[in-house]
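Notes follow once the structure below has been shown.
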Amino acid sequence: MIEIKNLHKSYPMGKESLHVLKGLNLKIEEGEFVSIMGSSGSGKSTLLNIVGLLDVHDEGEYILDGELIENLNEKKAAVLRNKFLGFVFQSFNLINYKTALENVSMPLYYAGVGRKERQKIAMEYLEKVELGAWANHLPSELSGGQKQRVAIARALVTKPKVVLADEPTGALDSTTTDSVMDLLKDINNEGMTVFVITHEEEVAEQTKRIVRLKDGVIISDEKVNQKVKA
Amino acid sequence: MFDLDRWREIFQSINKNKLRTLLSGFTIAFAILLFTILFGIGNGLQNTFKREFAGDSMLSIYIWANKTTKPYKGLQSGRQIQLENSDIDFILDKFDNNVNTISPRIQQQVQAVYKGEQNNYTLRAVYPSYQQLESAEVESGRFLTMLDLQQRKKVVAIGRLVEKDLFGQLSGLGKDINLGGISYKVIGTFSDPGGSNDERYIYAPFTTIQRLYGNTDKIGDVGLTYNPNLNVDQAIAFGNKLKNALKDKHDVSPRDQSAIGLYNYAEGNKQVSMMMLVLNVIILFIGIGTLIAGIIGISNIMVYIVRERTKELGIRKALGATPGSIISMILMESILITAIAGYVGLLIGTGVLKLIGESLEKYFITNPSVNTGVVIGATITLIIAGTIAGYLPAKRAARIKPIDALNDN
């Protein structure tokens, strides 16, 4: 599903340039539940941005669902994001003047789905995250955990190939963290590829594969024996 | 192409951000409002000018004669030049193409008596065509006719105020009044847009007076209107040519400035039109200034709006919005607001002009109003300016990497 070969990325910092990713190789198959671990500055967010087509790499190859990503213009990237990727952000990134339902249906709007159909599908997904009753509430009327569940519903609504989650639990307390992680696990169990970025060991342990990044290189890549939580 | 979904998005964005919408709408509406009022007042000033100078025909020339101040062709200076009937024929003969109407004039003060009432007026002996020179309008009866002249009738047309003085509330039409001992029948009364002075004249047939007082060919002065097809410069040139021709006819030195007097309204016209031009330029500058202020206002607001929405735009991009859809969303929103606000400003502006229009007349402003086309043009200018002003930041926002926009706080 995702294949990365010798990926490099640097950011200009004044006259110098900061070399963030130093030749990463990573292959993620369909249906995997992968977490990228690393302290801040390890390059994990940069990796997610590149995988999420929110940023471009300097060197190396990135193949998404069999398609080599290169010379992407903005328009094509937008279409690919809409079609293949669903995003979950640490700060939720809901549009504050739109209701939960409208937020969830937004990717469908950009996919060109009709209004009635949009609302129907969005409602299905809201119910899936158990927020059907909150469909007409604004984000400001929802708790952090609810917001993140709306964001997850929004990420899923276009039936993407991969869900990318950037510190999805970073802004949540432990109880809501668990409920969000359970939701991600459910999604994965249904066959969705889920790609989580985190610096929390507890979160990483709930995934099926942990890739550890340090200073722009992968230092370990191991499968996790799923423990059933007591 | 009408995309209902897109308009829904736009209306929602406008609706949910009322302060922002109000702010930008207010700027536009205010600019158009000021523009409308200033333009209207400028037009009102122009209307006043036009009316004030409507007293006499704007296309006229008056000619009179004085003593010579320079010796010429063996004749001494100080010689009195006398205009005569032959001068009328001479002018018509030489300048037939340029002369529209012409009338000689003899003026004198007379005492007018009707029953117990009496007063002093200026009696003018003229041709019927003199009516056009004064722009006099017949109120009752008629003005002089050629038949009156041919038969040397003792008839007069009197000004509205003369009638009021002598006859009070009664009509003077058909009554006989005594002018300097001779009885004349009143055949008509007239009013004059030039005002009260011009309504205290008494007009009698030229031939009658010329016969009665002196029985000569002498003329006091000559008034004529020139061909309306002449432009101002041509009319001034015609006046100069006419003066020189008359100097030549009366053996006056070409360098003698006072023996033949000539007043050409065209010269006054030129000044008035210069003044109108200056007024127009001032109005134009004020109008453009107001528009520029409006343009700067809307530009600032557009920059602010895009700045404020950067994060939202980043979210939309992450969810699959193309740069084109971002730009068109912002632009359509700004165009919609500008158009509606511009229209509101126009309505308020014309309403205000209508309301205060009447009361401004004492401030030299008549019927202030604006050409709707001009205001719509101004609104379109603002829409275009708003579009350009919105386009640049919108394009930048659409270009910004979604990740940078998402990190924007």
- Most fluctuating of B:Ala235, B:Ala29, B:Ala397 in the GNM of chain B (C-alpha, under 10 Å) is B:Ala397
- When chain B is modelled as a GNM with alpha-carbon springs shorter than 10 Å, which of B:Gly320, B:Gly174, B:Gly78 fluctuates the most? B:Gly320
- With contacts defined as alpha carbon pairs under 8 Å and 6 or more residues apart, what's the relative contact order of chain B in percent? 27
- Message: Bin width 10 Å, origin at 0, all Cα-Cα pairs of the range B:1-147: what percent of pairs per bin?
- Response: 8, 17, 19, 15, 10, 8, 9, 9, 6, 1
- Distance from the Cα centre of the range B:170-212 to that of the range B:311-382, in angstrom? 59
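Keeping every protein chain present and rolling a 1.4 Å probe, give me the accessible area per residue for the protein assembly as shown in Å². Could you put the intermediate results ahead of the total?
On the way: 30600 Å² over 639 residues.
Per residue, the protein assembly as shown has 48 Å² of solvent-accessible surface.
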- Item | Normalised contact order of the range A:2-223, rounded percent, pairs of Cα under 8 Å and 6 or more residues apart | 30
- Taking the inverse of the average 1/r across all pairs of different Cα atoms in chain B, what Kirkwood radius in Å do you get? 27.1
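Counting only protein heavy atoms, what percent of the accessible surface of the range B:101-226 is carbon or sulfur at a 1.4 Å probe?
44
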- Query: Put A:Arg149, B:Arg79, B:Arg316, B:Arg396 in order of accessible area, largest first, 1.4 Å probe: what do you get?
  - Reply: B:Arg396, B:Arg79, A:Arg149, B:Arg316
- Message: Only Cα pairs within less than 10 Å get springs; with that Gaussian network setup on chain B, which residue of B:Gln118, B:Gln12, B:Gln257 has the largest fluctuation?
- Response: B:Gln12
- Query: Using all Cα-Cα distances in the range A:1-156, what percent lands in each 5 angstrom bin from 0 up to the longest?
  - Reply: 2, 8, 16, 17, 16, 15, 12, 9, 4, 1, 0
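Accessible area lost on pairing A with B, both sides, 1.4 Å probe, Å² to nearest 100?
Its buried surface, counting both partners, is about 2400 Å².
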- Just round it to a whole percent: the fraction of Cα-Cα distances in the range B:192-268 exceeding 22 Å. 48
- Task: From largest accessible area down, sort B:Thr69, A:Thr158; use a 1.4 Å probe on the protein chains.
- Result: B:Thr69, A:Thr158
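When the accessible area of the range A:2-223 is computed with all protein chains present and a 1.4 Å probe, what percentage of it is carbon and sulfur?
Looking at the range A:2-223 in its full context, I get 47 percent from C and S.
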- Can you pull the mean other chain C-beta count within 10 Å for peptide A:30-36? 0
- Note on the structure: Here the FRET efficiency for A:Tyr11 versus B:Leu284, based on Cβ atoms and R0 = 60 Å and rounded to 0.05, is 0.70
- Item | Sequence of B:Glu9, B:Glu139 when ordered by accessible area, the most exposed leading, probe 1.4 angstrom | B:Glu139, B:Glu9
- Kirkwood hydrodynamic radius over Cα pairs of the range B:77-206, then Stokes diffusion coefficient at 4 °C and 1.567 mPa s, in µm²/s: 83
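Divide, for the protein assembly as shown, the radius of gyration over alpha carbons by 2.2 N^0.38 Å, where N is the residue count.
Normalised Cα radius of gyration, the protein assembly as shown: 1.78.
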- Is it possible to state the helix-based mean residue ellipticity at 222 nm for the protein assembly as shown, with each DSSP H run of 4+ residues giving -39500 (n - 2.57), the sum divided by total residues, to the nearest 500 deg cm²/dmol? What is it? -15500 deg cm²/dmol
- Which whole DSSP H helices in chain B pass both tests: a Cα extent of 15 Å or more along the axis and a mean Kyte-Doolittle value no lower than 0.0? B:18-52, B:265-308, B:323-357, B:372-399
- Note on the structure: Expressed in angstrom and ordered largest first, the alpha-carbon extents of the range B:76-149 along the principal axes are 48, 35, 21
- Note on the structure: The Cα extents of the range B:247-389 along the principal axes, largest first and rounded to whole Å, are 98, 36, 20
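The values are calculated or read from the model by the stated rules, or taken from the named source; none is laboratory data. All values reported here derive from a predicted model rather than from experimental measurement. Cβ: placed from backbone, ideal geometry, glycine included. Neighbour counts: every protein chain shown. Side chains are part of the model used for accessible areas, which takes the heavy atoms of the whole protein and leaves out ligands, DNA and RNA. Shrake-Rupley method; radii C 1.70, N 1.55, O 1.52, S 1.80 Å.
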